[in-house]
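Each remark here refers to the structure printed beneath this line.
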Amino acid sequence: MSTLTIFDSAADAAGTAQDAPAGRPIPAVLGADLEVPVKGGRLVGYANLDYAASAPCLEPVSAAVAAALPAYSSVHRGAGYASQLTTARYEQARHTVRAFVGARPDDAVIFTRNTTDATNLLAGCLPEGATAVVFDTEHHASLLPWPKAVRLAPPAFPGEAVRAADEALAGIDGPKLLVVTAASNVTGELWPIAALAHIAHRHGARILVDAAQLVPHRKLNLTALDLDYVAFSGHKLYAPFGAGVLVGRRDWLAEGKPYLAGGGAVRSVGDDVEWHDDPEPRHEAGTPNVLGAIALAAACDALTATGWTELVREEERLITRLRAGLASIAGVRELSLWGDDHPRVGIVSFTVAGYSAREVAEALSGEYGIGVRDGKFCAHPFVRHLLGTADGGCEDDTASAVRASIGIGTTQEHVDRLVEAVRDLVSRL
Ligand SMILES: Cc1ncc(COP(=O)(O)O)c(C=O)c1O
(Lines give C-alpha, C1' and ligand atoms only; values in the text may rest on other atoms or scores of the structure.)
Protein backbone atom coordinates (compact mmCIF):
# COMPACT_ATOMS: atom_id res chain seq x y z
CA MET A 1 0.00 0.00 0.00
CA SER A 2 1.17 3.51 -0.78
CA THR A 3 2.37 5.55 2.15
CA LEU A 4 1.01 8.84 0.79
CA THR A 5 -0.72 10.94 3.38
CA ILE A 6 -2.09 14.43 3.24
CA PHE A 7 0.94 15.71 5.01
CA ASP A 8 4.34 16.79 3.80
CA SER A 9 6.38 15.54 6.72
CA ALA A 10 6.28 13.23 9.68
CA ALA A 11 5.90 16.26 11.93
CA ASP A 12 2.82 17.32 10.01
CA ALA A 13 1.45 13.78 10.13
CA ALA A 14 1.86 13.76 13.89
CA GLY A 15 0.13 17.10 14.07
CA THR A 16 3.16 18.66 15.66
CA ALA A 17 4.08 21.11 12.93
CA GLN A 18 3.77 24.77 13.94
CA ASP A 19 2.55 23.84 17.36
CA ALA A 20 2.19 26.52 20.00
CA PRO A 21 5.46 26.53 21.97
CA ALA A 22 3.84 25.93 25.34
CA GLY A 23 0.36 24.49 24.91
CA ARG A 24 -2.42 25.33 27.32
CA PRO A 25 -4.44 22.51 28.91
CA ILE A 26 -7.11 21.00 26.67
CA PRO A 27 -10.21 23.19 27.18
CA ALA A 28 -13.46 21.79 28.56
CA VAL A 29 -16.64 21.44 26.54
CA LEU A 30 -20.09 22.58 27.60
CA GLY A 31 -22.50 19.79 28.45
CA ALA A 32 -19.89 17.39 29.79
CA ASP A 33 -22.15 16.70 32.78
CA LEU A 34 -25.34 16.29 30.74
CA GLU A 35 -27.55 13.46 32.01
CA VAL A 36 -30.04 11.68 29.77
CA PRO A 37 -32.87 9.23 30.49
CA VAL A 38 -32.44 5.56 29.58
CA LYS A 39 -34.78 2.54 29.72
CA GLY A 40 -36.41 2.19 33.10
CA GLY A 41 -36.33 5.94 33.71
CA ARG A 42 -32.77 6.08 35.10
CA LEU A 43 -30.55 9.04 34.31
CA VAL A 44 -27.02 8.40 33.06
CA GLY A 45 -24.18 10.69 31.98
CA TYR A 46 -24.44 11.29 28.24
CA ALA A 47 -21.72 9.68 26.16
CA ASN A 48 -21.66 11.96 23.13
CA LEU A 49 -19.95 10.00 20.36
CA ASP A 50 -21.37 12.02 17.50
CA TYR A 51 -18.76 14.73 17.08
CA ALA A 52 -18.48 14.28 13.32
CA ALA A 53 -22.06 15.51 13.00
CA SER A 54 -21.69 18.48 15.38
CA ALA A 55 -19.11 18.86 18.13
CA PRO A 56 -20.01 20.37 21.52
CA CYS A 57 -19.15 23.98 22.28
CA LEU A 58 -15.77 24.68 23.91
CA GLU A 59 -15.85 26.76 27.10
CA PRO A 60 -13.57 29.49 25.63
CA VAL A 61 -15.94 29.70 22.66
CA SER A 62 -18.92 30.18 24.92
CA ALA A 63 -16.96 32.84 26.84
CA ALA A 64 -16.08 34.72 23.65
CA VAL A 65 -19.71 34.78 22.54
CA ALA A 66 -20.85 35.89 26.02
CA ALA A 67 -18.27 38.68 25.96
CA ALA A 68 -19.45 39.91 22.56
CA LEU A 69 -23.17 39.85 23.35
CA PRO A 70 -23.50 42.93 25.62
CA ALA A 71 -21.84 45.19 23.08
CA TYR A 72 -23.29 43.79 19.94
CA SER A 73 -24.67 46.17 17.41
CA SER A 74 -24.96 46.58 13.64
CA VAL A 75 -21.96 45.41 11.64
CA HIS A 76 -20.11 47.28 8.86
CA ARG A 77 -22.60 50.11 8.46
CA GLY A 78 -22.96 51.67 11.88
CA ALA A 79 -21.13 54.79 13.11
CA GLY A 80 -21.71 54.13 16.80
CA TYR A 81 -19.00 52.77 19.06
CA ALA A 82 -20.72 49.41 19.58
CA SER A 83 -21.08 49.02 15.82
CA GLN A 84 -17.40 49.73 15.36
CA LEU A 85 -16.53 47.23 18.06
CA THR A 86 -18.75 44.57 16.53
CA THR A 87 -17.30 45.23 13.08
CA ALA A 88 -13.77 45.00 14.47
CA ARG A 89 -14.60 41.67 16.15
CA TYR A 90 -16.10 40.31 12.94
CA GLU A 91 -13.08 41.34 10.86
CA GLN A 92 -10.72 40.04 13.53
CA ALA A 93 -12.49 36.69 13.22
CA ARG A 94 -11.57 36.70 9.53
CA HIS A 95 -7.89 37.26 10.38
CA THR A 96 -8.00 34.48 12.94
CA VAL A 97 -9.44 32.02 10.44
CA ARG A 98 -6.83 33.08 7.87
CA ALA A 99 -4.04 32.33 10.33
CA PHE A 100 -5.68 29.10 11.53
CA VAL A 101 -5.59 27.54 8.05
CA GLY A 102 -2.26 29.11 7.09
CA ALA A 103 -3.80 31.01 4.18
CA ARG A 104 -1.79 33.21 1.82
CA PRO A 105 -1.98 36.95 2.59
CA ASP A 106 -4.10 37.64 -0.47
CA ASP A 107 -6.54 34.74 -0.06
CA ALA A 108 -10.21 35.55 0.39
CA VAL A 109 -11.84 34.47 3.66
CA ILE A 110 -15.60 34.40 3.20
CA PHE A 111 -17.95 33.56 6.03
CA THR A 112 -20.72 31.20 4.97
CA ARG A 113 -23.40 29.24 6.81
CA ASN A 114 -21.46 25.96 6.74
CA THR A 115 -19.35 23.75 4.48
CA THR A 116 -22.28 23.04 2.17
CA ASP A 117 -22.82 26.76 1.72
CA ALA A 118 -19.11 27.24 1.01
CA THR A 119 -18.90 24.55 -1.68
CA ASN A 120 -22.07 25.88 -3.32
CA LEU A 121 -20.66 29.40 -3.25
CA LEU A 122 -17.53 28.26 -5.05
CA ALA A 123 -19.59 26.23 -7.52
CA GLY A 124 -21.42 29.42 -8.48
CA CYS A 125 -18.11 31.17 -9.17
CA LEU A 126 -16.47 28.60 -11.42
CA PRO A 127 -15.38 30.03 -14.76
CA GLU A 128 -17.67 29.35 -17.71
CA GLY A 129 -17.54 25.68 -18.77
CA ALA A 130 -15.43 24.54 -15.81
CA THR A 131 -15.43 20.86 -14.93
CA ALA A 132 -15.15 19.49 -11.41
CA VAL A 133 -13.44 16.16 -10.78
CA VAL A 134 -14.77 14.48 -7.69
CA PHE A 135 -14.51 11.06 -6.09
CA ASP A 136 -17.60 9.05 -5.22
CA THR A 137 -16.28 8.94 -1.67
CA GLU A 138 -17.26 12.55 -1.01
CA HIS A 139 -19.86 13.92 1.35
CA HIS A 140 -22.81 15.19 -0.67
CA ALA A 141 -21.76 18.77 0.14
CA SER A 142 -18.68 18.24 -2.03
CA LEU A 143 -20.18 15.72 -4.44
CA LEU A 144 -23.26 17.54 -5.65
CA PRO A 145 -22.85 21.31 -6.19
CA TRP A 146 -20.93 21.19 -9.47
CA PRO A 147 -22.72 22.15 -12.69
CA LYS A 148 -20.43 19.85 -14.68
CA ALA A 149 -18.60 17.01 -12.96
CA VAL A 150 -16.57 13.92 -13.70
CA ARG A 151 -17.10 11.36 -10.95
CA LEU A 152 -14.34 8.92 -10.09
CA ALA A 153 -14.80 5.52 -8.46
CA PRO A 154 -13.52 5.03 -4.90
CA PRO A 155 -9.79 4.36 -5.28
CA ALA A 156 -8.39 1.10 -3.93
CA PHE A 157 -5.38 2.80 -2.32
CA PRO A 158 -4.12 6.40 -1.94
CA GLY A 159 -1.77 6.23 -4.90
CA GLU A 160 -4.68 5.09 -7.04
CA ALA A 161 -6.53 8.28 -6.06
CA VAL A 162 -3.63 10.31 -7.40
CA ARG A 163 -3.40 8.21 -10.56
CA ALA A 164 -7.15 8.44 -11.24
CA ALA A 165 -7.17 12.20 -10.70
CA ASP A 166 -4.15 12.54 -12.99
CA GLU A 167 -5.88 10.62 -15.77
CA ALA A 168 -9.21 12.41 -15.39
CA LEU A 169 -7.67 15.90 -15.32
CA ALA A 170 -5.53 15.11 -18.35
CA GLY A 171 -8.68 14.36 -20.34
CA ILE A 172 -10.44 17.66 -19.58
CA ASP A 173 -10.08 20.88 -21.55
CA GLY A 174 -10.85 24.27 -20.06
CA PRO A 175 -10.96 25.30 -16.40
CA LYS A 176 -11.01 22.41 -13.94
CA LEU A 177 -11.35 21.92 -10.22
CA LEU A 178 -10.38 18.82 -8.29
CA VAL A 179 -12.59 18.42 -5.21
CA VAL A 180 -11.47 16.17 -2.39
CA THR A 181 -12.12 15.65 1.27
CA ALA A 182 -9.15 15.78 3.62
CA ALA A 183 -10.59 13.33 6.16
CA SER A 184 -13.54 11.08 5.35
CA ASN A 185 -16.67 11.64 7.38
CA VAL A 186 -17.41 7.90 7.02
CA THR A 187 -14.10 6.20 7.78
CA GLY A 188 -12.02 9.07 9.20
CA GLU A 189 -9.27 8.14 6.73
CA LEU A 190 -6.88 10.90 5.64
CA TRP A 191 -6.58 11.64 1.93
CA PRO A 192 -3.31 12.45 0.12
CA ILE A 193 -4.20 16.07 -0.46
CA ALA A 194 -0.63 17.31 -0.92
CA ALA A 195 -0.07 14.83 -3.76
CA LEU A 196 -3.49 15.59 -5.24
CA ALA A 197 -2.79 19.34 -5.15
CA HIS A 198 0.47 18.70 -6.98
CA ILE A 199 -1.29 16.67 -9.68
CA ALA A 200 -4.07 19.24 -10.04
CA HIS A 201 -1.59 22.04 -10.59
CA ARG A 202 0.39 19.99 -13.08
CA HIS A 203 -2.76 19.93 -15.21
CA GLY A 204 -3.53 23.62 -14.70
CA ALA A 205 -6.43 22.70 -12.42
CA ARG A 206 -7.27 24.01 -8.97
CA ILE A 207 -8.07 22.00 -5.87
CA LEU A 208 -10.80 22.49 -3.28
CA VAL A 209 -10.29 20.62 -0.04
CA ASP A 210 -13.32 19.85 2.09
CA ALA A 211 -11.72 20.16 5.51
CA ALA A 212 -14.92 19.81 7.56
CA GLN A 213 -13.65 16.67 9.29
CA LEU A 214 -9.96 17.55 9.27
CA VAL A 215 -9.73 20.89 11.05
CA PRO A 216 -11.26 19.70 14.33
CA HIS A 217 -8.54 17.03 14.51
CA ARG A 218 -5.38 18.17 12.74
CA LYS A 219 -3.43 21.26 11.84
CA LEU A 220 -4.04 22.35 8.27
CA ASN A 221 -1.70 24.64 6.37
CA LEU A 222 -3.19 25.74 3.08
CA THR A 223 -0.02 27.50 1.93
CA ALA A 224 2.35 24.65 2.77
CA LEU A 225 0.06 22.12 1.09
CA ASP A 226 -0.43 24.47 -1.89
CA LEU A 227 -4.24 24.21 -1.79
CA ASP A 228 -6.38 26.64 -3.73
CA TYR A 229 -9.53 26.51 -1.57
CA VAL A 230 -10.61 25.02 1.73
CA ALA A 231 -14.06 24.88 3.27
CA PHE A 232 -15.21 23.91 6.75
CA SER A 233 -17.98 24.40 9.34
CA GLY A 234 -17.89 25.98 12.78
CA HIS A 235 -20.33 23.50 14.29
CA LYS A 236 -17.91 20.61 13.75
CA LEU A 237 -15.11 22.73 15.22
CA TYR A 238 -16.58 23.17 18.72
CA ALA A 239 -18.41 26.39 17.81
CA PRO A 240 -22.21 26.61 17.79
CA PHE A 241 -24.24 26.26 14.63
CA GLY A 242 -24.54 28.67 11.74
CA ALA A 243 -21.11 29.73 10.50
CA GLY A 244 -18.63 28.20 8.10
CA VAL A 245 -15.92 29.49 5.81
CA LEU A 246 -14.57 29.35 2.31
CA VAL A 247 -10.90 30.36 2.08
CA GLY A 248 -8.90 30.63 -1.10
CA ARG A 249 -7.85 32.35 -4.28
CA ARG A 250 -9.58 35.64 -4.99
CA ASP A 251 -9.88 35.78 -8.78
CA TRP A 252 -12.74 33.33 -9.44
CA LEU A 253 -14.54 34.65 -6.38
CA ALA A 254 -14.08 38.27 -7.48
CA GLU A 255 -15.58 37.53 -10.86
CA GLY A 256 -18.30 35.05 -9.90
CA LYS A 257 -21.95 35.97 -9.52
CA PRO A 258 -22.57 37.43 -6.05
CA TYR A 259 -23.88 34.57 -3.90
CA LEU A 260 -26.78 36.65 -2.62
CA ALA A 261 -28.02 39.88 -4.17
CA GLY A 262 -28.52 42.59 -1.60
CA GLY A 263 -27.05 45.22 0.67
CA GLY A 264 -23.35 45.08 1.40
CA ALA A 265 -22.48 43.30 -1.85
CA VAL A 266 -22.79 46.45 -3.93
CA ARG A 267 -20.72 49.59 -4.39
CA SER A 268 -23.61 51.56 -5.82
CA VAL A 269 -27.05 51.02 -7.22
CA GLY A 270 -28.69 53.26 -9.80
CA ASP A 271 -30.21 52.03 -13.03
CA ASP A 272 -27.23 49.70 -13.07
CA VAL A 273 -25.68 47.80 -10.18
CA GLU A 274 -22.01 48.02 -9.42
CA TRP A 275 -21.03 44.96 -7.42
CA HIS A 276 -18.04 44.84 -5.09
CA ASP A 277 -15.17 42.99 -6.67
CA ASP A 278 -13.62 42.13 -3.32
CA PRO A 279 -14.90 38.60 -2.69
CA GLU A 280 -15.76 39.15 0.98
CA PRO A 281 -18.40 41.87 0.57
CA ARG A 282 -19.45 40.52 -2.82
CA HIS A 283 -20.51 37.18 -1.35
CA GLU A 284 -21.63 38.28 2.12
CA ALA A 285 -24.72 40.34 1.30
CA GLY A 286 -27.09 41.03 4.16
CA THR A 287 -26.24 41.12 7.83
CA PRO A 288 -23.73 38.36 8.52
CA ASN A 289 -23.71 35.85 11.36
CA VAL A 290 -21.34 37.89 13.54
CA LEU A 291 -21.70 35.71 16.61
CA GLY A 292 -21.13 32.60 14.51
CA ALA A 293 -17.93 34.10 13.11
CA ILE A 294 -16.74 35.14 16.58
CA ALA A 295 -17.49 31.64 17.89
CA LEU A 296 -15.68 29.97 14.99
CA ALA A 297 -12.64 32.19 15.46
CA ALA A 298 -12.61 31.56 19.21
CA ALA A 299 -12.55 27.83 18.50
CA CYS A 300 -9.60 28.32 16.13
CA ASP A 301 -7.80 30.29 18.85
CA ALA A 302 -8.54 27.70 21.53
CA LEU A 303 -7.24 24.80 19.44
CA THR A 304 -4.12 26.70 18.45
CA ALA A 305 -3.44 27.71 22.05
CA THR A 306 -3.79 24.11 23.22
CA GLY A 307 -1.45 22.85 20.54
CA TRP A 308 -1.98 19.91 18.23
CA THR A 309 0.52 17.55 19.84
CA GLU A 310 -1.58 17.01 22.91
CA LEU A 311 -4.90 17.01 21.07
CA VAL A 312 -3.73 14.44 18.54
CA ARG A 313 -2.09 12.25 21.19
CA GLU A 314 -5.27 11.99 23.26
CA GLU A 315 -7.47 11.42 20.23
CA GLU A 316 -5.19 8.69 18.90
CA ARG A 317 -5.19 6.94 22.27
CA LEU A 318 -8.98 6.88 22.42
CA ILE A 319 -9.70 6.01 18.79
CA THR A 320 -7.15 3.18 18.90
CA ARG A 321 -8.82 1.82 22.03
CA LEU A 322 -12.26 2.13 20.47
CA ARG A 323 -11.29 0.41 17.22
CA ALA A 324 -9.48 -2.39 19.06
CA GLY A 325 -12.50 -2.90 21.32
CA LEU A 326 -14.91 -3.10 18.40
CA ALA A 327 -12.56 -5.40 16.47
CA SER A 328 -12.61 -7.84 19.40
CA ILE A 329 -16.38 -8.41 19.04
CA ALA A 330 -17.53 -11.17 16.66
CA GLY A 331 -19.83 -9.85 13.95
CA VAL A 332 -18.64 -6.25 14.16
CA ARG A 333 -17.12 -4.93 10.95
CA GLU A 334 -15.38 -1.59 10.67
CA LEU A 335 -15.79 0.22 7.35
CA SER A 336 -12.50 1.16 5.76
CA LEU A 337 -11.39 2.11 2.27
CA TRP A 338 -7.64 1.80 2.71
CA GLY A 339 -7.19 -0.73 5.49
CA ASP A 340 -6.70 -0.85 9.23
CA ASP A 341 -3.32 0.86 9.28
CA HIS A 342 -4.14 3.89 7.19
CA PRO A 343 -3.96 7.12 9.25
CA ARG A 344 -7.31 8.50 10.29
CA VAL A 345 -9.03 11.00 12.56
CA GLY A 346 -11.36 10.09 15.41
CA ILE A 347 -14.18 8.59 13.36
CA VAL A 348 -15.17 4.93 13.07
CA SER A 349 -18.15 3.49 11.18
CA PHE A 350 -19.20 -0.11 11.66
CA THR A 351 -21.91 -2.69 11.17
CA VAL A 352 -23.09 -5.33 13.63
CA ALA A 353 -24.22 -8.66 12.14
CA GLY A 354 -27.77 -9.50 13.18
CA TYR A 355 -28.82 -5.91 13.75
CA SER A 356 -29.66 -3.01 11.49
CA ALA A 357 -27.71 0.17 12.08
CA ARG A 358 -30.87 1.86 13.32
CA GLU A 359 -31.49 -0.90 15.88
CA VAL A 360 -27.94 -0.54 17.20
CA ALA A 361 -28.10 3.25 17.40
CA GLU A 362 -31.49 3.18 19.13
CA ALA A 363 -30.35 0.59 21.66
CA LEU A 364 -27.14 2.53 22.39
CA SER A 365 -29.18 5.64 23.08
CA GLY A 366 -32.17 4.11 24.84
CA GLU A 367 -30.31 1.63 27.03
CA TYR A 368 -26.83 3.08 27.52
CA GLY A 369 -27.12 6.85 27.07
CA ILE A 370 -24.73 6.82 24.09
CA GLY A 371 -25.25 9.17 21.14
CA VAL A 372 -24.00 7.91 17.77
CA ARG A 373 -25.20 8.42 14.20
CA ASP A 374 -26.62 5.76 11.91
CA GLY A 375 -27.37 5.86 8.19
CA LYS A 376 -25.33 6.72 5.15
CA PHE A 377 -23.88 9.96 6.58
CA CYS A 378 -24.74 12.07 3.50
CA ALA A 379 -22.25 9.98 1.55
CA HIS A 380 -24.59 7.50 -0.13
CA PRO A 381 -22.33 6.29 -2.97
CA PHE A 382 -19.40 5.80 -0.60
CA VAL A 383 -21.30 3.91 2.09
CA ARG A 384 -22.88 1.67 -0.53
CA HIS A 385 -19.42 0.99 -1.94
CA LEU A 386 -18.02 0.10 1.47
CA LEU A 387 -20.96 -2.14 2.28
CA GLY A 388 -21.07 -3.67 -1.20
CA THR A 389 -24.77 -2.93 -1.50
CA ALA A 390 -26.84 -1.68 -4.42
CA ASP A 391 -28.90 1.50 -4.39
CA GLY A 392 -31.81 0.66 -2.09
CA GLY A 393 -32.96 4.26 -1.68
CA CYS A 394 -32.77 6.56 1.29
CA GLU A 395 -34.90 4.44 3.59
CA ASP A 396 -33.03 1.20 2.92
CA ASP A 397 -31.79 0.38 6.39
CA THR A 398 -29.79 -2.64 5.23
CA ALA A 399 -27.37 -0.30 3.47
CA SER A 400 -26.48 1.70 6.56
CA ALA A 401 -23.83 1.76 9.24
CA VAL A 402 -23.29 3.11 12.75
CA ARG A 403 -20.77 5.91 13.21
CA ALA A 404 -18.98 6.82 16.43
CA SER A 405 -16.84 9.93 16.46
CA ILE A 406 -14.78 11.55 19.18
CA GLY A 407 -12.98 14.73 20.08
CA ILE A 408 -12.27 17.08 22.96
CA GLY A 409 -14.35 16.00 25.94
CA THR A 410 -14.53 12.33 24.95
CA THR A 411 -13.43 10.14 27.85
CA GLN A 412 -12.14 6.60 28.12
CA GLU A 413 -15.36 5.73 29.95
CA HIS A 414 -17.40 6.83 26.91
CA VAL A 415 -15.32 4.67 24.62
CA ASP A 416 -15.44 1.65 26.93
CA ARG A 417 -19.17 2.06 27.45
CA LEU A 418 -19.74 1.90 23.69
CA VAL A 419 -17.59 -1.21 23.27
CA GLU A 420 -19.28 -3.03 26.16
CA ALA A 421 -22.75 -1.98 24.98
CA VAL A 422 -22.09 -3.41 21.50
CA ARG A 423 -20.66 -6.56 23.09
CA ASP A 424 -23.81 -6.86 25.18
CA LEU A 425 -26.08 -6.39 22.14
CA VAL A 426 -24.18 -9.10 20.24
CA SER A 427 -24.39 -11.49 23.19
CA ARG A 428 -28.20 -11.30 23.05
CA LEU A 429 -28.45 -12.71 19.52
C1 LIG B 1 -16.68 15.87 5.06
C2 LIG B 1 -17.90 16.73 5.19
N3 LIG B 1 -18.10 17.69 4.30
C4 LIG B 1 -19.15 18.50 4.36
C5 LIG B 1 -20.08 18.37 5.36
C6 LIG B 1 -21.25 19.30 5.39
O7 LIG B 1 -21.16 20.11 6.51
P8 LIG B 1 -22.34 21.11 6.85
O9 LIG B 1 -23.53 20.25 7.14
O10 LIG B 1 -21.87 21.83 8.05
O11 LIG B 1 -22.55 21.95 5.68
C12 LIG B 1 -19.94 17.38 6.31
C13 LIG B 1 -20.94 17.20 7.37
O14 LIG B 1 -21.12 16.14 7.91
C15 LIG B 1 -18.81 16.55 6.24
O16 LIG B 1 -18.59 15.59 7.13
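The values are calculated or read from the model by the stated rules, or taken from the named source; none is laboratory data. Here the structure is a predicted model, which means the values were calculated and not measured. Virtual Cβ from ideal backbone geometry, glycine too; neighbours counted across all protein chains shown.
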Exercise for review: State whether the residues of the range 173-182 include one that is out of contact with any helix residue (DSSP H, G or I) (no Cβ under 8 Å at 6 or more places or on another chain), among the aliphatic types (A, V, I, L, M) and within 20 Å of Gly407 (Cβ to Cβ).
Suggested key: no
Exercise for review: Within the range 297-307, identify whether any single residue is closer than 30 Å to His95 by Cβ, under 20 Å from the mean Cα position of the chain (by Cα), outside any helix (DSSP H, G or I) and of a type outside the set (Phe, Trp, Tyr), and answer yes or no.
Suggested key: yes
Exercise for review: Kindly indicate whether any position in the range 282-289 is within 25 Å of the chain's Cα centre (by Cα), farther than 23 Å from Glu189 by Cβ, in a helix (DSSP H, G or I) and in contact (Cβ under 8 Å) with a residue 24 or more places away in the chain.
Suggested key: yes
Point to revise | Scan of the range 169-185 for residues that are farther than 23 Å from Val215 by Cβ, of a type outside the set (Val, Ile, Thr) and in contact with a His (Cβ under 9 Å, 6 or more places away or on another chain), ordered by number | key: Leu169, Ala170, Lys176
Exercise for review: Answer yes if at least one residue in the range 44-53 is among the aliphatic types (A, V, I, L, M), within 16 Å of the ligand (Cβ to nearest atom) and farther than 17 Å from Phe232 by Cα, and no otherwise.
Suggested key: yes
Point to revise | Residue list for the range 70-83, filter: under 19 Å from Ala265 (Cα atoms) and surrounded by 13 or more Cβ atoms within 10 Å (Cβ to Cβ) | key: Ser74, Val75, His76, Gly78, Ser83
Revision key, fill the gap. If we ask which residues in the range 249-265 are away from the ligand (no atom under 16 Å from the Cβ) and either more than 23 Å from Asn114 (Cα to Cα) or not hydrophobic (A, V, I, L, M, F, W, C) (or both), their number turns out to be 10
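For (1) of a type in the set (Asp, Glu); (2) modelled with pLDDT of 95 or more, each residue gets a yes or a no:
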site: Glu310; (1), (2): yes, no
site: Leu337; (1), (2): no, yes
site: Glu367; (1), (2): yes, yes
site: Ala399; (1), (2): no, no
site: Val426; (1), (2): no, yes
Check your understanding: Tell me, which residue of the range 40-60 that is more than 20 Å from the chain's Cα centre (by Cα) and closer than 22 Å to Arg24 by Cα is surrounded by the most Cβ atoms within 10 Å (Cβ to Cβ)?
Key -> Pro60
Revision key, fill the gap. Listed by range, helices (runs of 4 or more DSSP H) wholly within the range 84-192 having at least 3 residues that are away from the ligand (no atom under 16 Å from the Cβ) are 158-170
**Study point:** Criterion (basic (Lys, Arg), modelled with pLDDT of 95 or more and in a helix (DSSP H, G or I)) met by exactly one of Arg403, Arg417
**Key:** Arg417
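Residue by residue, here is whether (1) under 17 Å from Leu303 (Cβ atoms); (2) assigned by TED's automatic domain parsing to the domain that holds Thr86; (3) of a type in the set (Ser, Thr, Tyr) holds:
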position: Val29; (1), (2), (3): yes, no, no
position: Glu35; (1), (2), (3): no, no, no
position: Arg42; (1), (2), (3): no, no, no
position: Gly45; (1), (2), (3): no, no, no
position: Asp50; (1), (2), (3): no, no, no
position: Ala53; (1), (2), (3): no, no, no
position: Ala66; (1), (2), (3): no, yes, no
position: Leu69; (1), (2), (3): no, yes, no
position: Tyr72; (1), (2), (3): no, yes, yes
Review point. Restricting the range 20-38 to residues that are surrounded by 11 or more Cβ atoms within 10 Å (Cβ to Cβ) and of a type in the set (D, E, K, R), which is modelled with the highest pLDDT?
Key: Glu35
Check your understanding: For the range 343-360, does any single residue satisfy the condition of being buried (at least 21 other Cβ atoms within 10 Å of the Cβ), more than 23 Å from His140 (Cα to Cα) and either of a type in the set (S, T, N, Q) or in contact with a strand residue (DSSP E or B) (Cβ under 9 Å, 6 or more places away or on another chain) (or both)?
Key -> yes
**Study point:** Among residues of the range 194-225, those that are closer than 19 Å to Asp107 by Cα and either in the same structural domain as Ser349 (by TED's automatic domain parsing) or among the β-branched types (Val, Ile, Thr) (or both), counted
**Key:** 4
Practice item. Confirm whether Pro56 is within 16 Å of the ligand (Cβ to nearest atom) and in contact (Cβ under 8 Å) with a residue 24 or more places away in the chain. Key: yes
**Study point:** Test for Val348: is it within 16 Å of the ligand (Cβ to nearest atom), in contact (Cβ under 8 Å) with a residue 40 or more places away in the chain and outside the structural domain of Leu121 (by TED's automatic domain parsing)
**Key:** yes
